[in-house]
Each structure stands twice: as structure tokens, then as C-alpha cells.
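The values are calculated or read from the model by the stated rules, or taken from the named source; none is laboratory data. All values derive from a computational prediction rather than experimental measurement. When we count neighbours, we look across all protein chains shown, and the Cβ atoms used for this are built from the backbone with ideal geometry, even at glycine.
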């Protein structure tokens, strides 16, 4: 079970384990600095489908398939799926994973959906309501542009503050135990049992609240989301009675270079200096000098694939013992934007630690 801390946090008495995960990305992401770490890189961003939306659905379907396979599990071994995406009514999710016939709980936190799904999934497992769950999310550059901005055929110019929506999907298998028995066959065809060790453990989480500074520039998502990230981080430090130096890394999802500067400045005003601890998935996933992504990456898939391919790898290898992983989201829609509304933000933080 978990223990409620402060105003917005939960400290798990028994950790929940990320026993395995998978990451699938598009061609552009595969050409970036993390390209060799992803489980699968598409040859083109259609992924053999007829539409961008179908392509995004296939990303989720394949990410779950790979994550389950790596964990040595089948769909029937999973109690629930917590999933979401950026598209209207989460159609990438509903059309993508319907064939698995696993009970689904759809979530929406914009680009923070990875953090939200992992938070709810971990609470579900920690509370004894499931032994194993899957958390998955996705985004696609082309489907997101059509949903929130302009059709690609329009060829509009993007300001330097804009981020590039990551084409990718990350899936995570959570369990109440750190090892899952796996049956393998040796060279003589004899079966024997092996064990799959967990990649990391979730020890706690801080649930974010909606923060709205009144910004209306949908092409500057980093600035819109940074106040929410600052709010969640401050609350986390208060609830856990912790400081930035308690973590090897404090990792946001997709603030990009503009949002990173805003976040660091806002937290300095609150008495916290995270400048030497902060890392942003949107900055890490692309090469700013050669890939023309302006402020960096964003989208549900940004933090998800970076967590699976890079962050968990660093934890597994012992380079980082304890990190705070905090995807951020901009809670706008094309309707709210066209009606002149501001862009509220939200962020959810999870404490991830090495199993060893």
C-alpha cells in the first residue's frame, strides 16, 4: 500500500517495479543522439499504414507487443492497460490496442500522459488491485500537426520557440515483484527457468495540478508548461522533505530549451537550484545543431521513449541511482485555442530508483 504525503504526493511502502519496456520511434528520432538505443526505428513515418493516425495506432500496438515479449508475458497476464495519446478522443489508443482485449483505462494528460499513466498504474499495483499492468502512450509528428496546428501541406513556418512532436511510442510493464519467471530452451532443446530482473523501481509520485499563467502562444509549449513543472517540483520537495541534490537527475518531459530556462529561473525564485541536475527529454532526443527541431522535442512519445531507451538504461547500469522523472503537458485543444483561451499546463513526477 502507499502512504499519502503532504498535499499531493504518495510514498509507496512497497515499491512497484518496471520489469521491462519497449520504445519505437520514427526515422527522424532514429537519426538523433539516442537513435541506437531505441528498440525499433521505422524506415518511414507511415509504418506501412494508410494514414498518420493509423501509423500512430500501430506504434502503440507494436510497443506493447515488444514490451510483453521482453518481459516473457502474454496479454492475458496483464490486468489493465493505462494508455493515452494526443489525438481527439484518444483514437490512436482505442484503434491501436483493441486487439489485445485487455481491460483499458484511457488517460489524457497531453504530453504528461506517460507520467500520468505510470502514476495511476503504480498506484493500482501498489494498492493490490492488480499484479501486473501495462502503461503505454504515443505521439506522431504529422497527426499532432493536423490535430493542433496546420496540415503538413500548408508548409507553415515554425518559430524558434516551437518544439517538434516526437513520432514514437513507449510501453512499460509494471509488476508487484521485481522478477518474472521465464521459460527458455537451451541448445539441446531442454526447457529451464530463468528470471527477468526489473529495470527500475517506482518509490513514490507527486501528482501535479493545473497551472495557468495566461500564456496563449501554442508555438511556445515550453513556456506554457514550465510553470506547472515548477509547481510540481516545489510541491514534491515539500512533501518528501527533499532537495535537488537528493537526486542524480531531475528529468522533465518536453520543455525544450526555452522551457528549461523558464523552469530553472522559476525554481530559483522559490529557493531551489536545479541547474546542475536538470535534464529534458525534448533536448536529449534531437541534435539541435543538425536536425532543425528548434527548441527540442515534445509530444506524449517524447518522455516515454526517452525513459525506456535511455533513462532506464542509465539506472540499470548504475550510472544513476535515483532520479525524478516528470513529464509535462500543455492542456489545450484546437477548440480552446481557436476560442482565444490560454494554454494551461500540468506535470506529474515519479521517483525512480535502481533495484540494486
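Only one entry of 325, 337 meets the criterion of being touching a helix residue (DSSP H, G or I) at 6+ places or on another chain (Cβ under 9 Å), surrounded by fewer than 24 Cβ atoms within 10 Å (Cβ to Cβ) and not in a loop (DSSP other than H, G, I, E, B), and that entry is 337. Tallying residues that are free of Cβ contacts under 8 Å to residues at least 24 places away in the same chain and touching a strand residue (DSSP E or B) at 6+ places or on another chain (Cβ under 7 Å) within the stretch 46-80 yields 0. Within the stretch 113-137, the set of residues being in a helix (DSSP H, G or I) and under 17 Å from residue 73 (Cβ atoms) comprises 121, 124, 125. Would you say residue 313 is under 16 Å from the mean Cα position of the chain (by Cα) and within 28 Å of residue 245 (Cα to Cα)? Spelling it out, residue 313 is indeed under 16 Å from the mean Cα position of the chain (by Cα) and within 28 Å of residue 245 (Cα to Cα). So in the stretch 142-176, with the set limited to residues that are in a loop (DSSP other than H, G, I, E, B) and touching a strand residue (DSSP E or B) at 6+ places or on another chain (Cβ under 7 Å), which one is modelled with the lowest pLDDT? Once the filter is applied, the top-ranked residue is 163. Restricting attention to the stretch 3-25, the residues that are farther than 17 Å from residue 241 by Cβ and in contact with a helix residue (DSSP H, G or I) (Cβ under 7 Å, 6 or more places away or on another chain) total 10.
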